[in-house]
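Contents: one structure, followed by commentary.
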Amino acid sequence: MRHIISILIENESGALSRVAGLFSARGYNIESLTVAPTEDPSLSRMTLVTRGSDDIIEQITKQLNKLIDVVKLIDLADSVHIERELMMVKIKTTEHTREEIRGMAAIFRGKIIDVTPTTYVVEMTGPSSKLDAFIAGIDGGTIIEVVRSGPTGISRGEKGLHL
Amino acid sequence: MELNGAQIVIQSLKDEGVEYIFGYPGGAVLHLYDAIFQQDDVKHILVRHEQGATHAADGYARATGKPGVVLVTSGPGATNAVTGIATAYMDSIPMVIISGQVPSPVIGSDAFQEVDMVGITRPCVKHNFLVKDVTKLAETIKKAFYVATTGRPGPVVVDVPKDITDPGIKVPYKYPKKVSIRSYNPAVTGHKGQIKKAVDLLLTAQKPIIYSGGGVVLGEASKELTEFAHTLGFPVTNTLMGLGAYPATDKQFVGMLGMHGTYEANMAMHESDVIIAIGARFDDRVTGKLDEFCPHAQIIHIDVDPASISKTVKVAIPIVGEVKPVLEQMLEIIRENKKKPSKKALENWWNQIEQWRSVKCLEYDRESRLIKPQYVIEQLYEVTKGDAYITSDVGQHQMWAAQYYPFDKPRRWINSGGLGTMGFGLPAAIGVKLAFPDSEVACVTGDASIQMCIQELSTALQYKTPIKIINLNNSYMGMVRQWQEFSYESRYSHSYMDTIPEFVKLAEAYGHVGMRIDKPEEVRPALEEAFAMKDRTVFLDILTDRTENVYPMIEAGKGHHDMTLRVASGTSTDRELA
């Protein structure tokens, strides 16, 4: 099953490689990883998407917690949560396809953020599955590049991951 | 007080109460060695290879319970230390390794003797630090000791760039009495509800067994374990790492379990209905085939490391905490409880265990005209009155030492269990002897293992650490040969060394006493003579039966009940070898 693990980690050099190294050393699957500082500059927030049986996910969270730099973590899959990913897609356009792409972008609530005579860049956020649907919906031959941030997430309600 | 970085390192070690540093100098640590030269409080032991430094510090740590301290230079000094760091990591041994690093401004430029020590050691340390600011140096060293010695212990590396130890830069020095790390709070006592549940389960058990490991030694909980076992009357088995945590001569002890464990220990595990695992981690050498591991048992597991719980074997009642306080908590509840273990059930269970015991799985051919390695260990036990510190290398000799030297006290049996590092025994023995100069220290080794760190014989002379080296010489990497006999139709691929040094001359060249023993009747007098030489290191090169195998054995991929016992003739099935 797919799990989104959200981690508060010391904002120190090497902290990211401790997490990445743990996954490769123990043979855990890592689908995506995003990391950025938080409002407290001494802490980074890391969001990691992984897949595995319940036993493996249990080991992953235990092993992550064992890293000295990891302050706290939650498995977002354990509770109701919101998931968002940012995507930018550069698409080859012709006079005939421009309107169709604009229409598609509008349906998915995307924005055109760069225009040249032959290309569009479409920006879109949403759960990963929505971004997948957009990609599937346009002609694959017209895609020049796709840039995705990897999902981040937050739990709903008053509960939160903080010190 | 204002000190430079080099002085801060040495003063911090002194304030931490460090007695010995095991190390080897080099370019990146020259400032540090100059600071060592100018003081006498912290004694430096100069080894002959950095691997030896880590194993000696490790032996010191295992024997004393105090952290071992290592100092190595950058580059090859650091990489040579990695095997010893990994050895300590696998067995949860507290150790602080200070490694020199090239000056901060040239880090990343492939400078002379530069290696990314923090990167290389990351998977085999509990934590590591790269010091970037001399004003944080003392605090970082304190943190290193704090992390290394608390919770589940382990090695911690502090990588110190050369400019940080610059004698020209002085900063105020204060060694913190205490440090806290917001992201590191290991559990001490166990959850009361879980402990209560565990006791309830234990008191209803019909065929219980206590399976205890190295955590009991590390957690200084031998006394509590013994009291716990005596209160309940349950059988006790120890892992290789746990030997000595429960007195081996006690009648409730059924021997070591696992791949080369006793028949009674493994059968009792297999048939038991309730197992309490105490400071043990269900290692593959203990469990054998996981699907067939203890099929009838409900398992209680006490461990300070939550990640050890349900890692390979799912347990019914996990208890996270230090072994000693948790056992104390349990004992209190057991004493207050009106319910007692069923006498009738225990009597039946012990009758069954006695039947398994009567198989006498550790018997061997005592009439042989060749020296049997088991006999040597038994004689070693008698000559040292069972009270020596025994270090070992890795292989058959290690298993025989574990099987035939019953340890009654913790911290007496010192071996590389997790990583299985050949070359461990000799330097470890030096570390032990430094810690306990008045105790007997013997290194049980083999002709292959001893050659992996033999250069430390020179260190043993320099620091006058008279140890006894019991070399069970069968001209083979015995354990490799045994596996090749069992699993590869006796194709002994490169497990035999055609040339082995004359160990007697080699020992003499290093300034020690060498003895060669090739008849069974010479073993006892030679051991007595060796141990009578109180101030000399003696190398006993004992030529043993080359065909001897370690029994019982659970071959890889088999369950506890599927043991290979000794064949009737008592030796290897491969007669050609003889």
What is the dipole size for segment B:37-139, taken about its Cα centre, with +1 at each Lys and Arg Cβ and -1 at each Asp and Glu Cβ, in debye to the nearest 20?
240 debye
Report, largest value first, the span of the C-alpha coordinates of segment A:32-103 along each principal axis, in whole Å.
57, 34, 21
For the pair B:M533 and B:K464, the simple spin-label estimate (label points 7 Å beyond Cα toward Cβ) gives in nm 1.7 nm
Would you work out the charge dipole size for the protein assembly as shown about its Cα centre, treating the Cβ of every Lys and Arg as +1 and the Cβ of every Asp and Glu as -1, and quote it to the nearest 20 debye?
1620 debye
Ordering B:M553, B:M241 by accessible area with a probe of 1.4 Å, largest first, what comes out?
B:M241, B:M553
What is the sum of charges around B:V188, taking Lys and Arg as +1, Asp and Glu as -1, for the other residues whose C-beta is under 10 Å from the C-beta of B:V188?
0
Grab the beta carbon distance between B:S104 and B:V188, set R0 = 30 Å, and tell me the FRET efficiency rounded to 0.05.
0.20
If you average the C-alpha positions of segment B:172-218 and of segment B:342-376 separately, how far apart do those two centres end up, in angstrom?
33 Å
Give me the accessible area of A:R98, 1.4 Å probe, in Å² rounded to the nearest 10.
50 Å²
Approximate spin-label separation B:K519-A:L163, in nm, with each point projected 7 Å along Cα-to-Cβ
7.6 nm
Determine the relative contact order of chain B: mean sequence separation of Cα pairs under 8 Å and six or more apart, normalised by residue count, in whole percent.
14 percent
Under the classification rounded if a/c is under 1.5, otherwise prolate if a/b is larger than b/c and oblate if not, where does the protein assembly as shown fall, given a ≥ b ≥ c as square roots of the Cα gyration tensor eigenvalues?
prolate
If I take R0 = 30 Å and measure r between the Cβ atoms of B:T312 and A:K72 in this structure, what FRET efficiency does the formula 1/(1 + (r/R0)^6) give, to the nearest 0.05?
0.65
Which of the peptides A:18-26, B:320-328 is most tightly packed, and how do the rest follow, judged by the mean count of other Cβ atoms within 10 Å per residue?
B:320-328, A:18-26
Give the peptides B:462-471, B:36-45, B:536-545 in descending order of average Cβ contacts within 10 Å, highest first.
B:536-545, B:462-471, B:36-45
Just counting partner chain Cβ atoms within 10 Å, what average do the residues of peptide B:177-187 show around their Cβ?
3
Helix axis angle, A:15-25 relative to chain A longest principal axis, alpha carbon, degrees:
90 degrees
What angle do you read, to the nearest 10 degrees and between 0 and 90, between the alpha-carbon axis of helix A:98-107 and the longest principal axis of chain A?
40 degrees
Return the sequence-ordered ³J(HN,Hα) values of segment A:88-95 in whole Hz as given by the Karplus equation 6.51 cos²θ - 1.76 cosθ + 1.60 applied to θ = phi - 60°, using x for Gly and Pro.
10, 10, 9, 10, 6, 10, 10, 3
Starting from the Cα-Cα distance between B:E139 and B:T249, subtract it from 0.36 nm times their residue separation and give me the gain in nm to one decimal.
35.0 nm
Under the Karplus curve 6.51 cos²θ - 1.76 cosθ + 1.60, θ = phi - 60°, whole-Hz ³J(HN,Hα) for segment A:52-66, x wherever Gly or Pro sits:
x, 5, 4, 4, 5, 4, 4, 5, 4, 5, 5, 5, 5, 4, 6
Relative contact order for segment B:24-181, counting Cα pairs under 8 Å that sit 6 or more residues apart, in percent
24 percent
Less than 20 Å from a label point 7 Å out along the Cα-to-Cβ axis of A:E12: which backbone N atoms in segment A:47-67 qualify, by residue?
A:47, A:62-67
Would you be so kind as to list the residues of segment A:50-99 that have their accessible area lowered by at least 20 Å² in the full protein complex compared with their chain by itself (1.4 Å probe)?
A:D55, A:E58, A:Q59, A:K62, A:K66, A:I68, A:V71
A:D55 accessible area, assembled protein chains, probe 1.4 Å, Å²
80 Å²
In square angstrom, what is the accessible area per residue of the protein assembly as shown with a 1.4 angstrom probe?
42 Å²
For segment B:358-411, run through the trypsin sites (Lys or Arg not before Pro) and keep only the ones in DSSP coil with at most 16 other Cβ atoms within 10 Å of their Cβ.
B:K360, B:R366, B:R369, B:K385
Judged on accessible area alone, 1.4 Å probe, highest first, B:M90, B:M477, A:M124 line up as B:M90, B:M477, A:M124
Relative contact order for segment B:452-522: what is it in percent, counting Cα pairs under 8 Å that are at least 6 residues apart?
27 percent
For B:K344, give me every one of the aspartates and glutamates with a C-alpha distance below 16 angstrom, ignoring sequence neighbours fewer than eight places off in its own chain.
B:D273, B:E354
19 Å cut-off, amide nitrogen to a point 7 angstrom out along B:F112 Cα→Cβ, residues in segment B:28-44
B:28-34
Rounded to the nearest 10, the angle in degrees between the Cα long axis of helix A:128-137 and the longest principal axis of the Cα atoms of chain A comes to 20 degrees
Highest-first arrangement of B:298-306, B:347-355, where packing means the average Cβ count within 10 Å
B:298-306, B:347-355
Cβ-based charge dipole, the protein assembly as shown, positive-most Cα from B:C361, B:I210, A:S17
B:I210
Which whole-Hz couplings ³J(HN,Hα) result when phi for each residue of segment B:488-495 is put into the Karplus expression 6.51 cos²θ - 1.76 cosθ + 1.60, θ = phi - 60°, listed in order with x for Gly and Pro?
10, 6, 6, 7, 8, 6, 6, 9
Taking 0.36 nm per residue of sequence separation and subtracting the Cα-Cα distance, how much length would be gained by fully extending the chain between B:I333 and B:E502, in nm to one decimal?
54.9 nm
A:A25-A:S53 pseudo-label distance in nm [points 7 Å out on the Cα-to-Cβ vector]:
2.4 nm
For chain B, what class follows from the C-alpha gyration tensor (a ≥ b ≥ c being the square roots of its eigenvalues): rounded when a/c is under 1.5, otherwise prolate if a/b is larger than b/c, else oblate?
oblate
Between A:I82 and A:I113, what FRET efficiency comes out of the Förster formula 1/(1 + (r/R0)^6) with R0 = 30 Å and r the beta carbon distance, rounded to 0.05?
0.85
Helical mean residue ellipticity (222 nm; -39500 (n - 2.57) per DSSP H run of 4+; nearest 500) of chain B
-10500 deg cm²/dmol
A:V121 accessible area, assembled protein chains, probe 1.4 Å, Å²
20 Å²
For every other residue with a beta carbon closer than 13 angstrom to the beta carbon of B:M399, add +1 if it is Lys or Arg and -1 if Asp or Glu, then tell me the sum.
-1
Helix-only mean residue ellipticity at 222 nm for chain A, each DSSP H run of n ≥ 4 adding -39500 (n - 2.57), per residue, nearest 500
-8000 deg cm²/dmol
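The values are calculated or read from the model by the stated rules, or taken from the named source; none is laboratory data. Since the model is a prediction, treat every value here as computed from it, not as a measurement. We place every Cβ from the backbone using ideal geometry, glycine too, and count neighbours over all the protein chains shown. Areas reflect the complete protein model, heavy atoms only, side chains present, ligands, DNA and RNA absent. Shrake-Rupley method; radii C 1.70, N 1.55, O 1.52, S 1.80 Å.
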